[in-house]
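The structure appears right after this line, and notes come after that.
The values are calculated or read from the model by the stated rules, or taken from the named source; none is laboratory data. Being a predicted model, the structure only gives us computed values, none of them experimental. FYI the Cβ positions are ideal-geometry reconstructions off the backbone, even for glycines, and counts take in every protein chain you see. Just so you know, the surface numbers come from the protein's heavy atoms only, side chains and all, with ligands and any DNA or RNA stripped out. Shrake-Rupley method; radii C 1.70, N 1.55, O 1.52, S 1.80 Å.
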Amino acid sequence: MAPVKRRVFKTKKEMAVELAKYTADLSSKFCKERGIFTVVFSGGDLISWLWKLLEPPYIDSIEWSKWHIFWVDERVCGWDDADSNYKLAYDEFLSKVPIPAENIYAIDNGLGAEGNAELAAERYEECLKDKVNQNIIRTYKSSGFPQFDLQLLGMGPDGHMASLFPGHDQINEKVKWVTYITDSPKPPSKRITFTLTVINCASYNVMAVCDKEQADSVEAALNHTKDVPAGRLTADDEVVWFLDQAAASKLPHGWCSIL
Ligand SMILES: O=C(O)[C@H](O)[C@@H](O)[C@H](O)[C@H](O)COP(=O)(O)O
C-alpha cells in the first residue's frame with residue numbers, strides 16, 4: 001500500500017507554498033511522461049490554498065495546456081449557483097490560468113440546475129468513461145477503474161471527504177465510479193461524488209486540512225481511533241496530509257515533523 005505521509009506547517013501560508021511546489025513537481029513529472037496531467041479538485045477551502053500556483057515561478061512555468069480538471073464531488077446545482085464547486089474553482093483559480101476550456105469537466109449544467117442528482121452522477125460517470133476511452137484518464141492496473149494523477153482533497157470536521165459522509169451508505173459503493181447523495185449533512189443536501197474505490201485508485205492523493213475544528217477527525221483518521229471516511233484514504237503511489245499546526249494539534253507529540 002502507498003505510504004501515508006504527514007507534513008505539518010506553522011501557517012496556512014507555508015502550507016500553500018509547499019502545496020504549490022508539490023503540485024508543480026507532479027505536473028512536470030506527468031506532463032513529461034504522458035503529455036497530460038489529470039487533476040481532481042474538491043470544494044471547500046482547498047481552492048483558496050492554491051493561490052501560490054497563480055504566482056511566479058509557477059504561473060509561467062506550469063504547462064497549463066496539458067492539465068485536465070475534474071471534481072471529486074459537486075453540489076447538484078447550476079454552474080452559476082453560489083454553491084457550485086465548479087464556480088468556486090472557476091472564479092478563484094481556473095479563470096486565472098490558461099487551461100483550455102475543453103479540458104475542464106464540470107457536472108452537467110442542466111441536470112445540476114434541475115436538481116437531478118441521480119442522472120447528474122450517471123452523466124459524470126459517462127464523462128469519465130469517455131475520457132478513459134480517449135486515453136486522457138489512465139486506468140488502475142487491470143481493474144478498469146479510472147486512475148487520476150493527482151487529487152486535491154479536503155476533510156470536514158466530521159471526517160468526511162468528497163461527499164462520503166460518516167454513517168451514510170455511499171462509502172460502501174463498490175461498482176459505480178460516481179454516486180450521489182440527497183440528504184448530505186453538509187448543505188446543500190444534493191451532491192454527486194466519486195466513490196471510495198475511484199478516490200483510492202489515484203496515483204497521488206493530497207488531503208489538505210487546516211484549523212482546530214478538524215483536529216479530532218485528523219487524529220481519528222491518521223491514528224484509526226475512529227472509523228471516519230478520510231481514514232480510509234489510500235492511493236497507488238502516495239498519500240500526503242498537508243496540515244497546519246491547529247489541525248495537527250491532537251496528534252501525539254513528535255509524530256509529525258513541523259516544517
Ligand atoms: O463540496 C464540498 O463541500 C467539498 O468537496 C467537501 O468534501 C470539502 O472538501 C470538505 O467538506 C472540506 O471542506 P472545508 O475545506 O470547507 O472544510
Applying the gyration tensor rule to the Cα atoms of segment 1-40 (axes a ≥ b ≥ c; rounded if a/c under 1.5, else prolate if a/b exceeds b/c, else oblate), the class is oblate
Given a cut-off of 16 Å, what percent of all Cα-Cα pairs of segment 60-115 lie beyond it? 43 percent
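Which of the peptides 219-228, 168-177, 71-80 is most tightly packed, and how do the rest follow, going by the mean number of other Cβ atoms within 10 Å of each residue?
Details: 219-228: 17.4, 168-177: 14.6, 71-80: 23.6.
Packing proxy ranking, top to bottom: 71-80, 219-228, 168-177.
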Proximal aspartates and glutamates to Lys21, defined as alpha-carbon separation beneath 16 angstrom and excluding residues fewer than eight positions away on the same chain: Glu55, Asp60, Glu63, Asp149, Glu238
Grab the beta carbon distance between Lys186 and Ala101, set R0 = 30 Å, and tell me the FRET efficiency rounded to 0.05. 0.55
Per-residue ellipticity at 222 nm for the chain, helices alone: DSSP H runs ≥ 4 residues times -39500 (n - 2.57), over residue total, nearest 500 deg cm²/dmol? -8500 deg cm²/dmol
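Once you sort the root eigenvalues of the Cα gyration tensor of segment 15-146 as a ≥ b ≥ c, which label holds: rounded (a/c under 1.5), prolate (a/b larger than b/c) or oblate (the other case)?
oblate
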At 1.4 Å probe radius, can you tell me the per residue accessible area of the chain in Å²? 43 Å²
Where does segment 168-259 land on the Kirkwood hydrodynamic radius, alpha-carbon pairs, in angstrom? 14.5 Å
Within a Gaussian network of the chain (alpha carbon springs, distance under 10 Å), most fluctuating of Leu119, Leu152, Leu46: Leu119
Using the structure shown, select from Lys96/Lys186; Lys5/Lys250; Lys141/Lys174; Lys87/Lys190; Lys29/Lys186 the pairs with a Cα to Cα distance greater than 27 angstrom. Lys96/Lys186; Lys29/Lys186
Debye equation applied to the C-alpha atoms of the chain, log10 I(q)/I(0) at 0.09, 0.10, 0.11, 0.14 Å⁻¹: -0.36, -0.45, -0.55, -0.93
